[in-house]
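Read through the structure below, which is laid out as structure tokens, and then see the notes.
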Amino acid sequence: MEKLKNIITTIIKFRIAIIVILAVLMGFSGYQTLKKLRVDNSLSIWFLEDDPSYKAYIDFQEKFGSDEIFIAMLPVENAIGNTEKSKLLKLHESIDSLSFVKTSFSLAKAKYPIYANSKINFDDLYNTKRSEKGLKSLLSKLPNISAQLITKDFKNQFFYIQLNPTPTIEEKRQSIGGEIRGIIEKQYSNYYLTGPPVLNEAYSKGIYKESMLFGGLTVLVITLLLLFLLPNKRYLWVSLLSVAVPLTLLFGIITSLGFALNMISMLIPTILMVYSVSDAVHIINIYHKEGFSDNTIKKTKLITLAIKKSFIPCFYTTLTTFVGYFALYLSPLPAFKNMGVFTCIGLVLSFFLVYVITIIGFSFMTLNFENTKPIISFKSVNQRQFINWLNRFTTQYKTPLIVCFTLILFYGIYAIFQVKIDTNSRNLLAEGKAKQDLRIVENELNGSSRLQLNILTNNGETILNVEAMKHLENFQKKLEANPLINAPVSVVNIKNFLEKRMPMLFQTNASQDKMESTLSSVDNEDNNFFKLFSEDFTSAGITISFKEIKTSQLEQLLFEVERDFEDTFPVEKYTLKINGFAVVFAQLNNFILQTQFKSFFAAFFVAFLCLWFFIKSLRTTLLILIPNLLPLTILAIFMSLLNIPLDVTTAMITPIMLGIAMDDTIHLVYKYRRSKDIQGTPEARMNNAMEYTGNALFSTTIALVGGFLIISSSAVPSVRDFGLLCAITVAIALITDIFYLPALLKTFDK
């Protein structure tokens, strides 16, 4: 007690110097944040650079071309009109000159093969000298290719822009979309633009906008709540500074180290502000109660008493919350790792700075505790009467309460296994032009995502043989029958086109040399948007496109492609490799599951040890853990009933909620364990603990629920679900703490 008093006296003595230092640090951090804050939702934040699938994806881009492709749909009067080709060629010239573009493709660049003099020649598919009827007839003979170049009604053209491999464009990503739009708008006043780079850009802009909005709304909501929750208006500025200082310093650290916000870390400001104000409310609540109970006590002693009584429970609540977030570091996703680490840094900053700020704030205050009252209050709401009723209720009906909550707990455990694991990429995008353009383009094109299927010969021989071509044709027919796949393109399309024109060209007795010499030249340079062969002709490629779909559907699609390959090709002679971002993205379900198991069990184990050390009784620790698991099982019930899956945002919910659920429990149990001097049963000790900490429990829960409800106002469906589920879980955690926990301890803690 004396050492603590000396520390507090020293802080008060140097309070002006501390204020100046904090002001300078806040100024520097604010400058760094304004200057360097950026948003990064690139592929690298989701997958480690040494991840085998990520490496394979980058290698694929180097060999076969990036699937970072802009798709522009250009409404026109006549997609095969004379004037439209010159506009397309002019657009190609401008787009191809950009340093970050590998190639562009449209009807104006497409070629079709002509067999003459024992060799393949190529002519423009879009030849304005040909009659409109002749051009339509030619396009109908290449249906899979023409379907990706124009719409059936000839009212829209599609223009593709293939970027360089992902690692080479990351630094320029923020400006790429703007440059491309600027070029298109010079020739087309009306157009629709989509594709992975557009969606990535939309994610980033949405993140920045919502992080700013959430921050402002959180400050507003916290301020309004504090007007009701604080016992006097003078505490308001102390609470707000307890929120502002650590958050500003944290963002100064994040930006100084070169890190950026992403879809996960955008939630840090709101979460951290709510935690900071919760600790401040607990400290203020104790300070005011002690001052009210003894108005003759000196200020330094009163501050010391408030710090002493609040430090241990606040330390353990911070520790359990810290554990919940740090458990995210075990996730295989870098975005979760960064979220966990920086939130933990923020929690440590908040914990220490809240005490420094409240000590300095209290030192400037002179209060008449008996005459103080909240700035805004409702006369009809009486917390003391409610707490007295609560104590009577949990004593009188403790057995029914235990039975009821335990049954819910068992049902919740069952519901855990009913929760789906799935990420819908569309739910990561807010409503807006990007999402509207995606719907419009996919409605006409039936696909905006791309996969490259490569069939290789195991012995290294050429794939240009009669047997392989037959298997390839059968394989492509199965792909075309898949409802999720749109218009696959391969050498089969060219072969079928040539066969219709010259039936004798690929007759069954055609020699191997004839087959190879004929087909080897069809991979024309102007058509390299669709990679038909490898350079050594040991593999053939099939390009397939599909709509933005859920990861569960994507997993099913990849399974069906592999199944169809194995049913068609002799696997001892041929191998299938599926390349593209979709292959990497499909692994998210597995990563999310790993995050849940690793993070939750790590958080649970460490939290158990913390509680055991804090309570020093295994029996009581186990009794306390039961009601802290209940909110998580009820969370599973809500997710299964509302059909909300675990996705890339909700994947971190259980370790975080476990830490939060324990916060109120620790404050309540701390007072319960410190009430051993009260004569009588555990009922008396619990009732006393509830009377002492009840106000703070309600206040911090209201603040937490308010903060998460702000997140639930997000325009991004996935983030909205995360905020709503967190708000529900925090509210349920309070209910279990004031009903289930007291009933358990009053019954079993002898």
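Each value in this text was obtained by applying a stated rule to the coordinates, not by laboratory testing. The model shown is predicted, which means the values in this text are computed figures rather than measured ones. FYI the Cβ positions are ideal-geometry reconstructions off the backbone, even for glycines, and counts take in every protein chain you see.
Data table
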{"read-out": "Which of Asn590, Phe158, Ala415, positive extreme of dipole for the chain (C-beta unit charges)", "value": "Ala415"}
{"read-out": "Label-point gap, in nm, between Lys470 and Arg563 - each point 7 angstrom along Cα→Cβ", "value": "2.6"}
{"read-out": "Net dipole in debye of the chain [+1 Lys, Arg Cβ; -1 Asp, Glu Cβ; about Cα centre; nearest 20]", "value": "3080"}
{"read-out": "Order of Leu34, Leu240 under a 10 Å beta carbon neighbour criterion, fewest first", "value": "Leu34, Leu240"}
{"read-out": "For region 65-200, size of Cβ-based charge dipole, Lys and Arg +1, Asp and Glu -1, in debye", "value": "540"}
{"read-out": "Cα-based equivalent ellipsoid, region 51-97: semi-axes from gyration tensor eigenvalues, Å", "value": "34, 12, 8"}
{"read-out": "Part-to-part distance (alpha-carbon centres) for region 422-440 and region 138-161, which is given in Å", "value": "24"}
{"read-out": "Rounded to whole Å, sorted largest first: equivalent-ellipsoid semi-axes of region 221-337, Cα gyration tensor", "value": "33, 16, 12"}
{"read-out": "Cα-based Kirkwood hydrodynamic radius, region 65-200, one decimal, Å", "value": "15.9"}
{"read-out": "Whichever lysines have a C-alpha closer than 19 Å to that of Lys495, once near sequence neighbours (fewer than 8 apart) are set aside", "value": "Lys111, Lys119, Lys141, Lys470, Lys477, Lys478, Lys514, Lys531"}
{"read-out": "Candidate lysines - alpha carbon under 16 Å from Lys550, same-chain residues fewer than 8 apart omitted", "value": "Lys420, Lys435"}
{"read-out": "Lysines with Cα under 18 Å of Lys36, excluding same-chain neighbours fewer than 8 positions away", "value": "Lys172, Lys205, Lys209"}
{"read-out": "Long-range tail of P(r) for region 404-452 (Cα pairs > 12 Å, %)", "value": "76"}
{"read-out": "Order of Ile738, Ile297, Ile176 - criterion: other Cβ atoms within 10 Å of each residue's Cβ, fewest first", "value": "Ile297, Ile176, Ile738"}
{"read-out": "For His288, His282, order by how many other beta-carbon atoms lie within 10 Å, fewest first", "value": "His288, His282"}
{"read-out": "Computed over the chain, Kirkwood Rh from alpha-carbon pairs, angstrom", "value": "29.6"}
{"read-out": "Of Gln148, Ala602, Leu247, farthest towards positive along the dipole that unit charges on Lys, Arg, Asp, Glu beta carbons give the chain", "value": "Leu247"}
{"read-out": "Angle between the chain longest axis and helix 173-185 axis [Cα atoms, degrees, rounded to 10]", "value": "50"}
